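K.L.:
Quick one: the structure is below, and I'll ask about it shortly.
The values are calculated or read from the model by the stated rules, or taken from the named source; none is laboratory data. In this text the structure is predicted, and so the values were computed from the model without any measurement. Cβ placement follows ideal geometry from the backbone for every residue including glycine, while neighbour counts extend to all protein chains displayed. In case anyone asks, the SASA skips ligands and DNA or RNA and just uses the protein heavy atoms, side chains included. Shrake-Rupley method; radii C 1.70, N 1.55, O 1.52, S 1.80 Å.
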Amino acid sequence: MSENDIRNLDRRGPELVYMAVADDVAAQIARGALRSGDRIPGELQMTETYGIARMTVARAVRELRERGLVQTVRGKGTFVL
């Protein structure tokens, strides 16, 4: 799912926006666009990129942490493992 697809998701539909964002970032990691040690975009940048609320971005990042794909370092950012 691309950034435009996520922007156009039916917010009242069954698909969870934070999962779509997490899946998109996970796909970037899988294809090597984001590599181990790379910092993923910050919350503010992701809100602009995907056209979503900051809380939704935070939930997507939490989902990525739960999947074991990223690690957040307070004050530094979130990095690909």
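K.L.:
How many residues, within the stretch 66-81, are of a type in the set (A, V, I, L, M, F, W, C) and farther than 16 Å from Pro41 by Cβ?
P.N.:
1
K.L.:
Anything in the stretch 5-42 that is closer than 15 Å to Phe79 by Cα and either among the acidic types (Asp, Glu) or not in a helix (DSSP H, G or I) (or both)? List them, or say none.
P.N.:
Scanning the stretch 5-42 gives Gly32, Ala33, Leu34, Arg35, Ser36, Gly37, Asp38, Arg39, Ile40, Pro41, Gly42.
K.L.:
Tell me, please, whether a residue that is part of a loop (DSSP other than H, G, I, E, B), at pLDDT 95 or above and on the phi < 0 side of the Ramachandran plot can be found in the stretch 43-65.
P.N.:
There is no residue in the stretch 43-65 that is part of a loop (DSSP other than H, G, I, E, B), at pLDDT 95 or above and on the phi < 0 side of the Ramachandran plot.
K.L.:
Let me ask something else. Are any residues in the stretch 43-55 of a type outside the set (A, V, I, L, M) and open to solvent by less than 30 Å² (accessible area, probe 1.4 Å), and if so, which ones?
P.N.:
Thr47, Tyr50
K.L.:
Between a residue in the stretch 21-48 that is touching a residue at least 24 places away in the same chain (Cβ under 8 Å) and any residue that is open to solvent by 40 Å² or more (accessible area, probe 1.4 Å) and aromatic (Phe, Trp, Tyr), which pairs come within a Cβ distance under 8 Å, given they are 6 or more apart or on different chains?
P.N.:
Within 8 Å, the pairs are Gly37/Phe79; Asp38/Phe79; Arg39/Phe79; Ile40/Phe79.
K.L.:
If I ask for residues that are surrounded by 13 or more Cβ atoms within 10 Å (Cβ to Cβ) and under 13 Å from Leu69 (Cα atoms), which ones from the stretch 1-37 would you list?
P.N.:
Across the stretch 1-37, the qualifying residues are Ala22, Asp23, Asp24, Val25, Ala26, Ala27, Gln28, Ile29, Leu34.
K.L.:
Taking the stated definitions as given, is Ile40 touching a strand residue (DSSP E or B) at 6+ places or on another chain (Cβ under 8 Å), of a type in the set (A, V, I, L, M, F, W, C) and open to solvent by less than 20 Å² (accessible area, probe 1.4 Å)?
P.N.:
When the stated conditions are applied, Ile40 passes them.
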